[in-house]
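Q: Please find one structure pasted underneath; my questions will follow.
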Amino acid sequence: MRLDEIEESSEVEDQRGGGGLRPGHYAAGGGIGTIVIFLIYTFMGGNPNDLKAALPSGGLQNQQGSAGSTPLDDEGKKFVSKVLKETETVWEKILPEQTGKTYVHPKLVIFTDQVQSACGTADSGMGPFYCSGDSKVYIDLAFYETMRNQLHADGDFARAYVVAHEVGHHVQNLLGTSNQVDRMRETLSTKDFNKISVRMELQADFLAGVWAHYATELHIDEQDVRDVMNAASQIGDDKLQKQAQGYVVPDSFTHGTSAQRVKWFMTGYKSGKISDGNTFNTRNL
């Protein structure tokens, strides 16, 4: 994957302050259940308010003092800015062509420590997320350290996948899917809504794959694809739960299994057709 020829997006907001909580430096005050929740939400897609409600008393506690931005962070900013630009280029073209909808750029907010979004206050331990209330993607760049060191998911294209997945949620918002799912939240039990959440997340994986299908400026190769497949596999609900507690609870899945996440990214990547990703109406996830 190459980013040399890609410009940086003008839609990046740098809200980094003097101090920062760094993912990967947290103690799980609530025990192993907290670790499971942390890992699942750390890799894409969790609503900050949902995580706060789910965490046991004590939550995630910072074990490191404040740290300002570093040259590595600045390289990370350039990286996510260029990836965001490529998502803009692709979705500006294919969303109108395939759906008749105009693509409106999301903002990407870089932060450390805590950030205030329209979806509530979030901290670094919650990982990257998209807020439909303000149409912004939020990321602490140190999350990429968590990917490499804790989730064993490395490679530039795997890191680009993080941004592409969150932008996938933005596409869902533009298509009206997010509003439909939010309305379901009010009427369904937790168990039933978890099933809807899985379909929502798998569709975001699919949309990340659709983007990758058209992101020719990145010069994606076979190793890049393997890196993304590994990343998607590492963060399946089944694998995270099995590693953390020795067994899985399918009714608590919110993002999908490892196999499902790989399947839907690759489906989008091979197809390039938004219409092939209706995860809400298929029996075979």
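The values are calculated or read from the model by the stated rules, or taken from the named source; none is laboratory data. The structure displayed is predicted, hence computed values, not measured ones. Methodologically, a virtual Cβ is constructed for each residue, glycine included, from the backbone with ideal geometry; neighbour enumeration extends over all protein chains shown.
Q: Taking into account only those residues within the stretch 118-133 that are within 16 Å of the chain's Cα centre (by Cα) and at pLDDT 90 or above, which is surrounded by the most Cβ atoms within 10 Å (Cβ to Cβ)?
A: The selected residue is Tyr130.
Q: Can you name every residue in the stretch 260-285 that is within 14 Å of Val171 (Cβ to Cβ), among the hydroxyl-bearing types (Ser, Thr, Tyr) and surrounded by 15 or more Cβ atoms within 10 Å (Cβ to Cβ)?
A: Within the stretch 260-285, Thr279 is the sole residue that qualifies.
Q: For the stretch 237-259, what are the residues that are of a type outside the set (Val, Ile, Thr) and either exposed (fewer than 15 other Cβ atoms within 10 Å of the Cβ) or farther than 19 Å from His152 by Cβ (or both)?
A: Within the stretch 237-259, Lys242, Gln243, Gln245, Gly246, Tyr247, Pro250, Asp251, Ser252, Phe253, Ala259 qualify.
Q: Enumerate the pairs (first residue in the stretch 186-199 and farther than 26 Å from Phe265 by Cα; second residue anywhere and among the aromatic types (Phe, Trp, Tyr)) with beta-carbon separation below 7 Å, excluding pairs fewer than 6 apart on the same chain, so at least 6 apart or on different chains.
A: Between residues of the stretch 186-199 that are farther than 26 Å from Phe265 by Cα and residues that are among the aromatic types (Phe, Trp, Tyr), there is no close pair.
Q: Moving to a separate point now. Would you please name the residue that is modelled with the lowest pLDDT, looking only at residues in the stretch 202-229 that are surrounded by 20 or more Cβ atoms within 10 Å (Cβ to Cβ) and in contact with a Lys or Arg (Cβ under 8 Å, 6 or more places away or on another chain)?
A: Leu218
Q: Let me ask something additional. Restricting to the stretch 68-116, name every residue that is of a type in the set (S, T, N, Q), modelled with pLDDT of 95 or more and either more than 18 Å from the chain's Cα centre (by Cα) or farther than 23 Å from Ile220 by Cβ (or both).
A: Selection gives Thr89, Gln98, Thr99, Thr102.
Q: Another question about this same structure. Hey, Gly155 hits all of (1) in contact (Cβ under 8 Å) with a residue 24 or more places away in the chain; (2) within 17 Å of Asp14 (Cβ to Cβ); (3) surrounded by fewer than 24 Cβ atoms within 10 Å (Cβ to Cβ) but one; which does it fall short on?
A: Going through (1) in contact (Cβ under 8 Å) with a residue 24 or more places away in the chain; (2) within 17 Å of Asp14 (Cβ to Cβ); (3) surrounded by fewer than 24 Cβ atoms within 10 Å (Cβ to Cβ) one by one, Gly155 breaks only (2).
Q: Related question: Could you go through the stretch 153-166 and let me know if any residue there is part of a loop (DSSP other than H, G, I, E, B) and of a type outside the set (Gly, Ala, Ser).
A: Scanning the stretch 153-166 turns up at least one residue that is part of a loop (DSSP other than H, G, I, E, B) and of a type outside the set (Gly, Ala, Ser).
Q: So which residues in the stretch 238-267 are part of a helix (DSSP H, G or I) and either aliphatic (A, V, I, L, M) or closer than 13 Å to Glu201 by Cα (or both)?
A: Leu240, Ala244, Ser258, Ala259, Gln260, Arg261, Val262, Lys263, Trp264, Phe265, Met266
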